[in-house]
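Taking it in order: structure first as structure tokens, then the write-up.
The values are calculated or read from the model by the stated rules, or taken from the named source; none is laboratory data. If you're wondering where the values come from, they're calculated on a predicted model, not measured in any experiment. Using ideal geometry, Cβ is built from the backbone for each residue, glycine included, and neighbour counts are taken over all protein chains shown.
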Amino acid sequence: MNANIQNVPITLGDRSYSIGIGTGLIEDPQTYAAAPKAATALVVTNTTVAPLYAERLIRALSARYPSVHTVVLPDGEGHKTWQTLNLIFDALLGHGCDRKTVLYALGGGVVGDMTGFAAASYMRGVPFVQVPTTLLAQVDSSVGGKTGINHPLGKNMIGAFYQPQLVVCDLDTLKTLPAGELSAGLAEVIKYGPIADPAFLDWIEVNMDALMARDPVALAYAVKRCCEIKAWVVGQDERESGLRAILNFGHTFGHAIEAGLGYGEWLHGEAVGCGMVMAARLSQRLGLVDEAFVQRLALLTARAGLPVKAPVLDAVDNAGRYLALMRVDKKAEAGEIRFVVIDGVGKAALRGAPDALVREVIDACCA
Ligand code: NAD
Ligand code: GLY
């Protein structure tokens, strides 16, 4: 047993698994003791992460699997496509991988989402392990089984719910993360406070400087608490028939920003950070929270190095452009946009809002 590891369980019946959080995990063969045994493992990573961590992972896995292959994908959200997904299938088939082959996703959310989707569909399903190397992936995307790719007409529109067998969050990997990516991950960290845990929101406020300075103790606590909250939500609503939608706080406005500016212009986490401020403003206009809460969230988001002023997406009808983009959100029903709003700090709800009010919010947030 590795002494540096803390485990957070995800309880989903026969799809239950554990999230291991700690340091020095990637290179330790014991880390993977709970992963399925097989003749073959395939490590899926990208051109940025491979030179940093692939060798360590492959060495550790070689103690467990007689053959370990690797496929290195191009880096970036723009490559979260069918074409790139096919590179994983090419590698699986090219190496003669059978239905027991275990896929290892080594990288951020893009690699994790694509590897999970490949695992869900190769030979109708093979096991996979998440080894997330960004803060965003450690606190959110590697946990809970949402997998998929983008379509030119919508983000994450093609995918499957498919749980990993194990998640390994090695905090050491966060040392090499670019500053902007750390901030993007902090957006998802902040998210968990308003939606579920007022005490955690207080903790983030006190510890934001330490998080920005990559203090290992602060990062370890943040990753663990976020995973616990996500485990609690996913354990009750794996397939998002209700409660799980609260994890999308800030994402409805955020997805409109990402799509409206063009994918890659703002990082996903940057758009979510700004989107949370917009959703907080909407909550305030709906009478659910006070002005002080909006100011508090905006200040915290700015301290995380994230934008809080929304971008103008259309010079002629900006609010109309936001509304059109938000109508293709997965939470929309029969064309009605549904927002995650904060109904008192620590409690989130999903609801619609009149277009006129949403227009006012967009105008206020872009000003
Ligand atoms: P990402 O995967 O693009 O990684 C960000 C950048 O950091 C990339 O250039 C990557 O190569 C690089 N990188 C990764 N680890 C590194 C490290 N340790 N050191 C240096 N560089 C490193 O982006 P992300 O923010 O991790 O994930 C965003 C994606 O996750 C989006 O596609 C989003 O839709 C998805 N997502 C999915 C879920 C889910 O529940 N499945 C939740 C949230 C987000
Ligand atoms: N990131 C949102 C979810 O996992 O549901």
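Residues that are within 17 Å of Lys347 (Cβ to Cβ) and either charged (D, E, K, R) or within 12 Å of ligand 2 (Cβ to nearest atom) (or both) within the stretch 213-235 comprise Ile229, Lys230, Val233, listed in sequence order.
The set of residues in the stretch 341-361 that are among the hydrophobic types (A, V, I, L, M, F, W, C), surrounded by 14 or more Cβ atoms within 10 Å (Cβ to Cβ) and not in a strand (DSSP E or B) comprises Val345, Ala353, Val358, Val361.
Only one entry of Arg321, Arg327 meets the criterion of being of a type outside the set (S, T, N, Q), more than 22 Å from Ala196 (Cα to Cα) and modelled with pLDDT of 95 or more, and that entry is Arg321.
Picking from residues in the stretch 269-289 that are among the β-branched types (Val, Ile, Thr) and assigned to a helix (DSSP H, G or I), the one that is surrounded by the most Cβ atoms within 10 Å (Cβ to Cβ) is Val272. Sub-6 Å Cβ pairs linking a first residue in the stretch 130-152 that is free of Cβ contacts under 8 Å to residues at least 12 places away in the same chain and within 24 Å of Asp329 (Cα to Cα) to a second residue that is among the β-branched types (Val, Ile, Thr) and more than 7 Å from ligand 1 (Cβ to nearest atom), at least 6 apart or interchain, are His151/Ile158, ordered by first then second residue.
Is it the case that Gly109 is under 10 Å from the mean Cα position of the chain (by Cα), closer than 20 Å to Ala34 by Cβ, within 11 Å of ligand 2 (Cβ to nearest atom) and touching a residue at least 24 places away in the same chain (Cβ under 8 Å)? Answer is no for this residue. As a summary of the residue check, Ala210 satisfies the conditions (1) touching a residue at least 12 places away in the same chain (Cβ under 8 Å); (2) away from ligand 2 (no atom under 16 Å from the Cβ) except for the one numbered (1).
When Arg321, Arg327 are checked against the criterion of being at negative phi, buried (at least 17 other Cβ atoms within 10 Å of the Cβ) and not aromatic (Phe, Trp, Tyr), a single residue qualifies: Arg321.
Where in the stretch 139-243 are there helices (runs of 4 or more DSSP H), lying wholly inside it, with at least 1 residues that are within 11 Å of ligand 1 (Cβ to nearest atom)?
179-196, 216-236
Considering only residues that are within 16 Å of ligand 2 (Cβ to nearest atom) and of a type in the set (S, T, N, Q), look in the stretch 116-142 and name the one that is nearest to Leu247 (Cα to Cα). Going through the qualifying residues, I end up with Ser141. Restricting Ala292, Ala364 to those that are more than 21 Å from the chain's Cα centre (by Cα), surrounded by fewer than 17 Cβ atoms within 10 Å (Cβ to Cβ), at pLDDT 95 or above and within 17 Å of Ile190 (Cβ to Cβ) reduces the list to Ala292.
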